[in-house]
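The values are calculated or read from the model by the stated rules, or taken from the named source; none is laboratory data. A quick note: this is a predicted structure, and the numbers were derived from the prediction, not measured. Don't worry about glycine lacking a Cβ; one is built from the backbone with ideal geometry, like all the others, and counts go over all protein chains shown. Side chains included, ligands, DNA and RNA excluded: accessible areas come from the protein's heavy atoms. Shrake-Rupley method; radii C 1.70, N 1.55, O 1.52, S 1.80 Å.
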Amino acid sequence: MNRMTDQTLEDIFHKLQNLFPFHGYCDRTMLEEVSVIVRELRKFLPDFEQRRLLDIGSGPMDKTAMFKFLGFQCCAADDLTDPWHQRNGNAGKIKEFAALTGIEFFHQTPNDYTIPFESESFDVVSALGVIEHLHESPRALLNTMGKFVRRDGLLVIVMPNSVNLRKRLSVVLGQTNYPSIDAFYHSAGQWRGHVREYTLSETAFICKAAGFEVLTQRTFEHLACKKLSTPLREFYLMLTSILPTLGSGLLVICRKPASWKPQVEDPEAFRAAISRAVPQAVA
């Protein structure tokens, strides 16, 4: 599959839909997102066959399975503690799906995010829709990604765009660009939704700060196919093509340089970063 076509991705997507245990979960937005990732990843890794990929924070492994069907040897890790994972035996169904598709899945326990795979043994390490859920600095997660990807290997990071067109319009209209207040209010325990979404430049910043070489950074539009109908969809797609910063998703692909080392906490850098927000009298 060195020359991936849209039809090949369509076929793989339909295969996924037939196998996935949750009917209707895998929709066109997911296919659009994976298609963008695949096209960009091909620029730096033309051959997927027998390459090793680790998907951290994989959730139900729908996207992981797409990469598996494209030729990757896939491993994944997640704690499966989102509320819907805990209902109706869904976590068990997810693990059965991993076994069915040949994904080596490690079920993490809450508050213990150890990953047992061999260090520097993966060609690609991905975090797809993960970083925006973190309650703390993304430094630890990026260090983990760096630990498992080989030297000169690739990191793939996907997140929602905090300044996409819909969110900008919401703020102009006096509405929030945060997750819905009713979902936040009625949530139990630690909030599992989005905590801090990023802009494209912020996403590139954290990758560079973590010691990685940014190879590509771009926005993409994958939600319009589901959220909008014609002719509004065509207008929206045209607008996001003219002004890419309005797109719904962010994609950054990085390379791990030979000189990479994990980043440690830097209290002085933190103090400098917040200095303008701290009264001068505070030491």
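Here are the numbers for the structure shown:
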{"read-out": "Distance between segment 177-234 and segment 247-283 - C-alpha centres, whole angstrom", "value": "19"}
{"read-out": "Label zone at residue 47 (point 7 Å along Cα-to-Cβ), backbone N below 17 Å, segment 60-99", "value": "70-73"}
{"read-out": "Segment residue 140-residue 95, length gained on full extension (0.36 nm per residue, minus Cα span)", "value": "13.6 nm"}
{"read-out": "The chain - accessible surface per residue (Å², probe 1.4 Å)", "value": "54"}
{"read-out": "Counted charge near residue 251, where neighbours are those whose Cβ lies closer than 9 Å (Asp, Glu -1; Lys, Arg +1)", "value": "-1"}
{"read-out": "Distance histogram for segment 22-150 (every C-alpha pair counted, 5 angstrom bins, percent rounded to whole numbers)", "value": "2, 10, 20, 25, 22, 15, 6, 1, 0"}
{"read-out": "Cleavage-rule hits, trypsin sites (Lys or Arg not before Pro), segment 41-86, DSSP coil, Cβ neighbours within 10 Å at most 15", "value": "43"}
{"read-out": "Approximate spin-label separation residue 82-residue 270, in nm, with each point projected 7 Å along Cα-to-Cβ", "value": "3.0"}
{"read-out": "Two-site label geometry, residue 114 and residue 151: point separation in nm, points 7 Å out along Cα→Cβ", "value": "2.8"}
{"read-out": "Kirkwood-Stokes translational diffusion coefficient of the chain, alpha-carbon pairs, 20 °C, 1.002 mPa s, µm²/s", "value": "106"}
{"read-out": "Subset of 43/147; 95/167; 93/227; 63/261; 43/208; 63/147 violating a 25 Å alpha-carbon distance limit", "value": "95/167; 93/227; 63/261"}
{"read-out": "Rounded to 5, the percent of DSSP beta bridges in segment 4-117 classed as antiparallel", "value": "10"}
{"read-out": "Kirkwood Rh (inverse of mean 1/r, distinct Cα pairs), segment 1-79, angstrom", "value": "12.9"}
{"read-out": "For the chain: relative contact order, % (alpha-carbon pairs under 8 angstrom, 6 or more apart)", "value": "17"}
{"read-out": "Accessible surface of the chain, 1.4 Å probe, proportion on carbon and sulfur as whole %", "value": "55"}
{"read-out": "Sequence of 192, 87 when ordered by accessible area, the most exposed leading, probe 1.4 angstrom", "value": "87, 192"}
{"read-out": "Residue-averaged 222 nm ellipticity for the chain, from DSSP H runs of 4+ at -39500 (n - 2.57), nearest 500", "value": "-10500 deg cm²/dmol"}
{"read-out": "Virtual spin-label span in nm between residue 191 and residue 245, 7 Å along Cα→Cβ", "value": "2.6"}
